[in-house]
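Here the structure is laid out as structure tokens; the discussion comes afterwards.
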Amino acid sequence: MQSQENIYNLFKLLKDSCDWLSFRHLNENSTWHTSRDGRTEALDRVENQGLMMEVVVEGSLAYGGTSDLSPEGLKACFEQTRQLAEQLGKVQLNRFDPSSRGRFQSRTDSSSGGPKELGPWIEFHNQLSAKLKGGPNVLSASLAVGWQDTSSLYLTSDGGQIEQTYQKLFRDQRLTGSLDSTLQTRSDHGYFAQSCRQESEALGADNFDQDMATAERLISEVNELLRAPDCPEGPRDLLLAPDQMMLQIHESIGHPLELDRILGDERNYAGWSFVKPEDFGRLQYGSPLLNVVFDPNLEGELASYEFDDSGTKAEKVYLIRNGLLVAGLGGSESQLRSGLKGVANFRAQSWNRAPIDRMANINLEPGTSSLEEMIASVEKGVFMHTNLSWSIDDYRNKFQFGCEYARLIEDGRLTSVVKNPNYRSNTIAFWNSLKAVGNASTFEVYGTPHCGKGEPNQVIQVGHASPVCLFKDIDVFGGS
Amino acid sequence: MSHLISHPSFQQLAQSLFGTLTGDESLSLHLQAEHSRFLRFNQARVRQATQVLQMRLTLNLQAAGREAKMDCYLGSELGLNRQTCLKALEQLRRNLKALAPDPYFVAHENHGQSSACHSAVLPNLTELSQLLQSQTLHVDLAGLYCEGPMIEAQLNSKGLDHWFENNSFFFDFSLYSGERAAKGFYAGHQWREEEFLAHLQSTKDQLQLLHLPLCAVSPGNYRCYLAPAAAYDFLGLLGWGGFSFGEYKRGQSCLGPLYDKTAQLSPKLSLEENFSKGLVPRFNSSGEIAPKRIALIEGGLGAELLVSSKTAKEYQAQANGASDYESFRSLKVLPGQLPSSEVLKALDRGLYLSQLHYLNYSDRPKGRITGMTRYACFWVDGGQIQGPIKDLRFDESLYRALGDNLIDLTQETELFPNTSTYDSRGFGLVETPGLLIDDFSFKA
């Protein structure tokens, strides 16, 4: 590992050799343990260290990333990046004024986490996956857990310096059951949905009793699904648990509000957006019950941070208030390009990618209904839990999503379990059919480390928190 | 411009590490390295320009029937790299102590030596950008141009030594007229301006067709033609565990019924893993060499699945050089009898689909797939294109679409190199013809 002193020294040496320069040094160490059917499948450690520099020459910005952190490696990267900026000066879409990036004070969070002893940590995971595998009709069970320590240093030639340190925990627990010719999978709230930012003392601290109880529940529910009929077809009121609301918010609010999509950057890959610049402040995105925020400060949520990768201070901003679209998800560059209000979300996957507009924590704020009141209000409906399948068009309008587990609601009561629950709708119609929002007692926080976007491609960690929500007359259906 | 590690330097680093092993320790080194330049375009101008040098080394240490892995990143100095790796080895030794013996342990072996290097002639980036601007005066272009060398290499302390180096480019772009768009793609080792301009012109021609009046298509079942790019999207989903023997045994393969022999596909359909083009390394991350050809589906019947050595040990099967994830690396769909020039006539009345988008399983164990149409998709009647359609959602069983409803495959095939750039660029290839399918199900 290269010392930060070397990074500072090289930065000082190079910072006056172009019009504006930044260094973003990342040091990210992760340990992953995957247990399947009671034994270790893999124990992997990743020590990811590299540096991304931004070089501006006469308004032309180019990015250069390198894993070669030796003085010669950094100098070579700088020369190649400066050359790229010079070479492309006349054909850049935008030119940037470096002074718009501002100056910032340092901030450092708490330091390293991780389990104190690896052996007992691994043994516990193997016990848990053995417990899952030992359930009736269970074909296979797995548990994957990772912890990650990240520290970043951002330096700019106009005096900016930001240090950030975070610890994160990632967790996925699932099992597949088989009975006759039926196969069903049940997980702990979805694929790596139990991922969060952690305080150091909590890292790796598995709760034996709670985790065993979760395993019992998953075994029981997969057996319910194996014997259940398919979800019925037709329009029904749809109650969505927070572990499906996470996906619903992500795909049909988060992505369409990204300003770089609206500006067309993503058209060739992830797609465009049905939202137009003139829609901000005018479009009734959802019913008046809908309030959605960009909130990078919610404690424990996966994508909480102090500054984004352009050095902008991250603060809570309303995106949708009382159903009205008020702000988009665009960082400093997109705000300059579009003239629209945005947020601090200019983020890169790692040191090897340039930042782009990303979600961070996008949360739906609690309402006033209790879960019991919402169920009691439904004559004919379905209560769906945990995302399993997702597909949406390239304008983020027409979608079809599937869940792992559901129960029918009949005459105000939860009744039988149904398998393969799916639903489809269109974004604006769907959010305007929102007829009740659960209160704070139904609010849950989830995260995913796997949001994909960008050219070159990038995955990024995002968080989503939501109460249970009720939608009117949605097309639902089952499996084959 | 490249400062990538050379084969001799990598060998030197490896030998210096192998010399530090003790007892029954065995070490395997897997290198993925690239020096890439990415130009992202919007409105035919450069939106973001990035160059990245990265060298990711995975160390796999084995001892006493246990193994653990660690990834670290390399620089250009042998001394510093050695120091980084020695520190990693110490961490791996501690990690091994925390593990129980692996019942499905596969010991490192010497699977031989190989070396391949594909060089490239790449365009001048300023000239390329200026060319684009001059050639797209009346259309709007968005996309990604990517170039540069990539290395995949594997060495182990038993004597195995594989090196695969490929310098290449791809340009994945789309042209827009308002919200109507057509997709273009040009890739290879030798940039030839006239070839690129031909691709650009053909995409412009397709964009012209999109100016025909929009055709309203109601949800329902239609005959449709999946052009090779759309077929690649549809069949690409089978890479999500479809051909994995491990996933099949654990109930996660959409092709379970095919390999259980409770279902079959059209006798016209044959798929194979085929490395004969030499554009993808045949060695996996353990250095095992896959056969040049593995029949996956033959005449509509399940043939072989992809089996890694670890899965083979667990389920007492025969390994066939598959990667850890047991997904295809170089898929070939065998052509059919339909000449591409007669596609519209054979389609007669239905949908011509150039591309699909955002596919996912809507019922994985039963092989049901959903997704959207995207880009230049047309309504065809009387064997003539009538006009573009609005995006449609499909939700269809692969056992119907590739079974009784598969009318034919085209005689001509197209090659699709892997353009994924998540974390790093990757090797991979799919060769497929177009697919003519009857009674394909489209939803509201």
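The values are calculated or read from the model by the stated rules, or taken from the named source; none is laboratory data. Only a predicted model underlies this, so the values are computations on that prediction, with no experimental measurement involved. Here the Cβ positions follow ideal geometry from the backbone for every residue, glycine too, while neighbour counts run over all protein chains shown. For the accessible areas, the whole protein counts, side chains as well, though only heavy atoms, and no ligand, DNA or RNA atoms are used. Shrake-Rupley method; radii C 1.70, N 1.55, O 1.52, S 1.80 Å.
Could you tell me whether any residue of the stretch B:99-121 is farther than 21 Å from B:PHE171 by Cα, at the interface with chain A (Cβ under 10 Å from one of its Cβ atoms) and open to solvent by less than 20 Å² (accessible area, probe 1.4 Å)? The answer is yes; a qualifying residue exists. How about the stretch B:411-438: which of its residues are over 25 Å from B:GLY299 (Cα atoms), among the hydroxyl-bearing types (Ser, Thr, Tyr) and either away from chain A (no Cβ under 14 Å) or surrounded by fewer than 22 Cβ atoms within 10 Å (Cβ to Cβ) (or both)? Hits for the stretch B:411-438 are B:THR419, B:SER420, B:TYR422, B:SER424. Total residues in the stretch A:279-315 satisfying the condition of being over 16 Å from A:ILE249 (Cβ atoms), part of a loop (DSSP other than H, G, I, E, B) and either hydroxyl-bearing (Ser, Thr, Tyr) or over 19 Å from the mean Cα position of the chain (by Cα) (or both): the figure is 10.
Here is a check on your reading of the model: is B:ALA317 in a strand (DSSP E or B), surrounded by fewer than 18 Cβ atoms within 10 Å (Cβ to Cβ), at pLDDT 95 or above and in the same structural domain as B:LEU402 (by TED's automatic domain parsing)?
On the way: in a strand (DSSP E or B): no; surrounded by fewer than 18 Cβ atoms within 10 Å (Cβ to Cβ): yes; at pLDDT 95 or above: yes; in the same structural domain as B:LEU402 (by TED's automatic domain parsing): yes.
The answer is no for B:ALA317.
Residues checked against (1) under 18 Å from B:PRO228 (Cα atoms); (2) part of a strand (DSSP E or B):
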{"residue": "B:LEU351", "(1), (2)": "yes, yes"}
{"residue": "B:CYS377", "(1), (2)": "yes, yes"}
{"residue": "B:ARG400", "(1), (2)": "no, no"}
{"residue": "B:THR419", "(1), (2)": "yes, no"}
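Scan the stretch A:184-202 and give yes if some residue there is among the polar types (S, T, N, Q), open to solvent by 20 Å² or more (accessible area, probe 1.4 Å) and not in a strand (DSSP E or B), otherwise no.
Within the stretch A:184-202, the subset among the polar types (S, T, N, Q) is A:184-185, A:187, A:194-195, A:198, A:200.
Then drop every residue that is not open to solvent by 20 Å² or more (accessible area, probe 1.4 Å), which leaves A:185, A:194, A:198, A:200.
Narrowing the set further to residues that are not in a strand (DSSP E or B) leaves A:194, A:200.
Taking every residue of the stretch A:184-202 in turn, at least one turns out to be among the polar types (S, T, N, Q), open to solvent by 20 Å² or more (accessible area, probe 1.4 Å) and not in a strand (DSSP E or B).
The lone criterion from (1) open to solvent by 10 Å² or more (accessible area, probe 1.4 Å); (2) assigned to a strand (DSSP E or B) left unmet by B:GLN51 is number (1).
Criterion first (under 30 Å from B:GLN43 (Cα atoms) and either polar (S, T, N, Q) or in a helix (DSSP H, G or I) (or both)) does B:GLU127 satisfy it? Yes: the conditions hold for B:GLU127. The condition of being open to solvent by less than 50 Å² (accessible area, probe 1.4 Å), within 14 Å of chain A (Cβ to nearest Cβ), touching a Gly at 6+ places or on another chain (Cβ under 7 Å) and acidic (Asp, Glu) holds for only one of B:ASP363, B:ASP391, B:ASP395, B:ASP408, that being B:ASP363. Tallying residues that are at the interface with chain A (Cβ under 9 Å from one of its Cβ atoms) and either buried (at least 18 other Cβ atoms within 10 Å of the Cβ) or assigned to a loop (DSSP other than H, G, I, E, B) (or both) within the stretch B:67-83 yields 10.
Mind telling me which of the residues B:SER286, B:SER266, B:SER354, B:SER270 ends up being open to solvent by less than 60 Å² (accessible area, probe 1.4 Å), modelled with pLDDT under 95 and more than 18 Å from the chain's Cα centre (by Cα)?
That would be B:SER286, the only listed residue that is open to solvent by less than 60 Å² (accessible area, probe 1.4 Å), modelled with pLDDT under 95 and more than 18 Å from the chain's Cα centre (by Cα).
Whenever a residue of the stretch A:355-368 is farther than 20 Å from A:LYS435 by Cα, its partners that are of a type in the set (Val, Ile, Thr), lying with C-beta atoms within less than 6 angstrom and at least six residues away or across chains, give the pairs A:ARG358/A:ILE460; A:MET359/A:VAL462; A:ILE362/A:ILE249.
Candidates in the stretch A:262-271 are the residues that are more than 19 Å from the chain's Cα centre (by Cα) and surrounded by 21 or more Cβ atoms within 10 Å (Cβ to Cβ); of these, the one that is farthest from the other protein chains (Cβ to nearest Cβ) is A:ILE262.
In this structure, is B:HIS189 surrounded by 15 or more Cβ atoms within 10 Å (Cβ to Cβ) and in contact with a strand residue (DSSP E or B) (Cβ under 9 Å, 6 or more places away or on another chain)? Even if it seems obvious, please write down each step before you answer.
Working: surrounded by 15 or more Cβ atoms within 10 Å (Cβ to Cβ): no; in contact with a strand residue (DSSP E or B) (Cβ under 9 Å, 6 or more places away or on another chain): yes.
No; evaluated as a whole, the condition is false for this residue.
Among the residues of the stretch A:209-218, are any surrounded by 22 or more Cβ atoms within 10 Å (Cβ to Cβ) and over 18 Å from A:GLU41 (Cβ atoms)? Taking every residue of the stretch A:209-218 in turn, at least one turns out to be surrounded by 22 or more Cβ atoms within 10 Å (Cβ to Cβ) and over 18 Å from A:GLU41 (Cβ atoms).
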